[in-house]
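Presented below is the structure to which this report refers.
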Amino acid sequence: MSDILSNDQDGDNNALRSELVPAAPTDATVRVDANQLHALSGGRLGDPFALLGPHRLDGDLYEIRVYQPGALGIEILARNGDGDGVAGAVMTTLQALGGAAADGLFVGRTRLPQREAYLLRVRWPDGRGGETVQVSEDAYAFGLLLGELDIHLLREGRHRELGHCLGAQPTVVDGVPGVRFAVWAPNAQRVSTVGDFNLWDGRRHPMRLRAEAGVWELFIPRLPVGSRYKYEIIGRDGTLLPQKADPVARATEMPPGTASVVAPAENFVWTDSEWMAQRAGRQAPTAPFSAYEVHAGSWLRIVEENGRALNWIEMADRLIPYAVGMGFTHIEFMPVMEHPFGGSWGYQPLSQFAPSARFGAPADFARFVDRCHAAGLGVILDWVPAHFPSDGHGMVYFDGTPLYEHSDPREGFHQDWNTLIFNLGRNEVRGFLIASALEWLERFHVDGLRVDAVASMLYRDYSREAGEWIPNIYGGRENLESVAFLKELNQTVAERCPGALTIAEESTAWPGVTAPVERGGLGFSYKWNMGWMHDTLRYVEHDPAHRRYHHSDFTFGLLYAYSERFVLPISHDEVVHGKGSLLGKMPGDDWQKLANLRAYLGFMWTHPGKKLLFMGCELAQLNEFNHDASPQWELLDDPRHRGVQQLVRDLNRLYVDTPALHARDTDAEGFRWLIGDDVANSVFVYLRRGFHPDEQMLVAVNMTPVSRPGYGIPLPADAAGAGWREVLNSDAAVYGGSNLGNPGVHRRDGGSGLLTLTLPPLSTIVFRKEEN
């Protein structure tokens, strides 16, 4: 008989002793530490490879130890072929050890030509009095999985391809197909991969710790793509944590389920090489940019099917032609990364590498982007590196310690949103987020990221009272770690993703948001012009009779319009939480409300800055945004609302086709006031210019319901001799207006020296310079 149990520290192990008939021609004594057995059966074995798998005894003689609680029996089979799973002859039958601590542990000896060259044939009860058989390789027969370079880059937080390194990777190891799991949890006592494949039992697949990087890894042979999984983690204090979803999962199950899913290896065939080659030019500061902001979950709900959202394939068929037909250059999605709470609209994500399962598989999202590019549309995603929700299955206290978040709530808890703030002082956290950004830009060919809540990242005292925040190392309020992160993010994107955009949602006066990093800036491509948005919306909310007292709200933005590269945003934030719809902000009767809205949109599209409009605003929607309902598409049965939609379509086409309206958005020479101080009449007149002298557009905005015939406009010398033809009038009948306008070509009056025009009520009119 073989004495197989020992505990050099305990001494007395009689209760754990069992007999094992040797399975190979040897009577050598094998000693297994009883503490390891206790840890194994209790699900607390931190070094499973020290106990399980093949262990060399002498030459090619190995003892094989397999832990399969509930198994009826296990045989070792020869593995024929090169990883094809073909079973050969029975090499030995493993023996089950007795005793509570060893229950489920099978041990036997055999000779192996190679350490991993065997299969396990496991017999299980089928629940009906019979048996079922599973044949696979032994997960504990494989060596180290992550390479030294991976470990080095992980430790430094510079692994830019975490989506290929951590998480669940379908792969082939030593000729055997399966899935390699790897997760960062440096302070855990034990980490196991759990899922349907092992009955969510954390004892069955404990992982190996790569201590130098704090990463746990395990290869599970023959595990199919589509398998659900999580990680079961025991913290360093011995606490069993809630099972955790994989932070680097590339797919998830449909919410409200919270498991991660093994995504297939990438095999999507892209057809957008021409788009990608031209993207830098298409997205240059001199190019037009007009984004249609969309909440994917509610853009078009299928009422007949219980109000379900469209999937990516359906959106490709419906949303892409709509956006193209409306003349937008880009679709910008509110976050599509997986998030547990639909009411967050995606702004509280937990899976920064996985498109939400609500809309289909990751390959479906890739196909959507590919079809956008084929149609000439760019795709921008809102992306949230500032904070994450505190759901127990997520990143909060991931390994029993504040790993992704700060330990001090004065740094780590966001009071406005009840979320946790990423600790950007940790190399690994910075690396995790930058790799997430690259996942969308590189793997999915996304054309840009709009970075959410940048203002909250830049200031340690953001939305905090005195005593509720911790100063930086110099005693200031600036969040130096966030500043460094944003600079590194933007530099990395610029280096690796030519032509891709990063857009900051930043509402403060922080200098140099779009200045290059090498000149002390943060390096963003654009910044949302929140000041312009707030000022101009405040202006249009006033009754026209009172606008003369708020004239500067419409003009002030030009004082700083070229201090940054700006996007003018009319986003979801302006039409939700009791703010009402965009139309609802306009004063007056129904006719005046619609006329105000049309005039405002005309002003926006002719003002310096790129454009963003939230879905439903193009319909003159009556209701504010509700994620449980679609925009009010039925309003298009009303010609007045259909007219607003037509105006947005025509504004986009004019903007895209007219260099004077977009080529010099970031150049002060592209704009000139002609009349900016007509306070009494609430009239604004200006020129927009392109790079060619003949690329000039004249814009007149009348923000009162009074028509102004014979309104005189002074012209600069380089425009004085030109003719001017009206090319867009927000008061045109086709848009629902009174159809007052200026037909034909108009020139400066020889006597007064002024260009005399008729300004319709509550209107924006646009004129093109004609050749002399």
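Every number here is computed from the coordinates shown, using simple stated rules; none is lab data. Please read all numbers here as calculations on a predicted model, not as lab measurements. In this analysis, Cβ positions are derived from the backbone assuming ideal geometry, glycine residues included, and neighbour counts consider all displayed protein chains.
Phi-derived couplings, Karplus 6.51 cos²θ - 1.76 cosθ + 1.60 at θ = phi - 60°, listed residue by residue for segment 530-535: 5, x, 4, 4, 5, 5 Hz, with x used for Gly and Pro. For Thr419, the residues 5 or more places off, or on other chains, whose built amide H falls under 5 Å of its own are His414. Between the alpha-carbon centres of segment 525-561 and segment 468-505 there is a gap of 28 Å. Here the spin labels are modelled as points 7 Å beyond Cα on the Cα-Cβ line, and at Trp633 and Asn311 they lie 1.8 nm apart. In a reduced charge model with +1 at each Lys and Arg Cβ and -1 at each Asp and Glu Cβ, the chain shows a dipole moment near 1080 debye about its Cα centre. 3J(HN,Hα) along segment 324-331: 5, x, 7, x, 5, 8, 9, 9 Hz, from the Karplus curve 6.51 cos²θ - 1.76 cosθ + 1.60 with θ = phi - 60°, whole Hz, x for Gly and Pro.
Computed extension length for Ala375-Asn35: 116.0 nm, one decimal, from 0.36 nm per residue of separation with the Cα-Cα distance subtracted. Among the listed pairs Lys487/Lys611; Lys527/Lys579; Lys244/Lys611; Lys230/Lys579; Lys230/Lys527, a Cα-Cα separation exceeding 30 Å is found for Lys244/Lys611; Lys230/Lys579; Lys230/Lys527.
Relative to the Cα centre, the charge distribution of segment 112-167, modelled as +1 at Lys and Arg Cβ and -1 at Asp and Glu Cβ, gives a dipole magnitude of about 100 debye. The C-alpha atoms of the chain define a longest principal axis, and helix 590-606 lies at about 80 degrees to it.
Three principal axis extents of segment 43-191 based on alpha-carbon atoms, in descending order, are 51, 37, 36 Å. In loop segments of segment 494-539 as defined by DSSP, there are no trypsin sites (Lys or Arg not before Pro) with at most 11 further C-beta atoms inside 10 Å of their C-beta.
Not counting the cut sites, what is the longest span of the chain without GluC sites (Glu not before Pro) that DSSP labels loop and that have at most 15 other Cβ atoms within 10 Å? Maximal segment without exposed cleavage sites: 469-770. Separation of segment 350-369 and segment 443-467, taken as the distance between their Cα centroids, equals 23 angstrom.
The coefficient of translational diffusion for the chain, derived via Stokes-Einstein from the alpha carbon Kirkwood radius under 25 °C and 0.890 mPa s, stands at 83 µm²/s.
Express the relative contact order of the chain as a whole percentage, based on alpha carbon pairs under 8 Å and six or more residues apart in sequence.
Values: 1726 pairs, mean separation 61.3, N = 772.
Relative contact order of the chain: 8 percent.
Between Met276 and Gln114, the C-beta separation translates, for a Förster distance of 45 Å, into a calculated FRET efficiency of about 0.50. Tilt of helix 480-496 relative to the longest C-alpha principal axis of the chain, in degrees (0 to 90, nearest 10)? On a 0 to 90 degree scale, this one is about 90.
How large is log10 I(q)/I(0) at q = 0.28 Å⁻¹ when the Debye formula is applied to the Cα atoms of segment 154-217, each weighted equally and without solvent? Here the Debye-derived log intensity ratios amount to -1.26. When Rg and the Kirkwood radius Rh are both evaluated on Cα atoms of segment 370-426, their ratio Rg/Rh stands at 1.23. Segment 737-772 and segment 659-731 have Cα centres separated by 10 Å.
Rounded to the nearest 20 debye, the dipole size of segment 690-747 about its Cα centre is 200 debye, using +1 on the Cβ of Lys and Arg and -1 on the Cβ of Asp and Glu.
Dipole orientation for segment 468-616: of the candidates Met615, His542, Asn596, Asn596 has the Cα lying most toward the positive pole (charges on Cβ; Lys, Arg +1; Asp, Glu -1).
Write out the trypsin sites (Lys or Arg not before Pro) in segment 35-94 meeting two conditions: DSSP loop, and at most 10 other Cβ atoms within 10 Å of their Cβ.
Working: sites: Arg44, Arg56, Arg65, Arg79; in loops: Arg44.
Passing sites in segment 35-94 do not exist.
Roughly what % of DSSP beta bridges within the chain run antiparallel, to the nearest 5? Please list the in-between numbers first.
Values: 101 of 131 bridges.
Expressed as a percentage, antiparallel bridges in the chain total about 75.
Extension gain, Phe556 to Gln415: 0.36 nm times the residue separation minus the Cα-Cα distance gives 47.5 nm.
One chain, two ends: Asp718 and Asn427. Fully extended at 0.36 nm per residue, the span grows by 99.1 nm beyond their Cα-Cα distance. Along segment 302-311 the Karplus relation, 6.51 cos²θ - 1.76 cosθ + 1.60 evaluated at θ = phi - 60°, assigns HN-Hα couplings of 8, 4, 5, 10, 6, x, 5, 7, 6, 8 Hz to successive residues, with x for each Gly and Pro.
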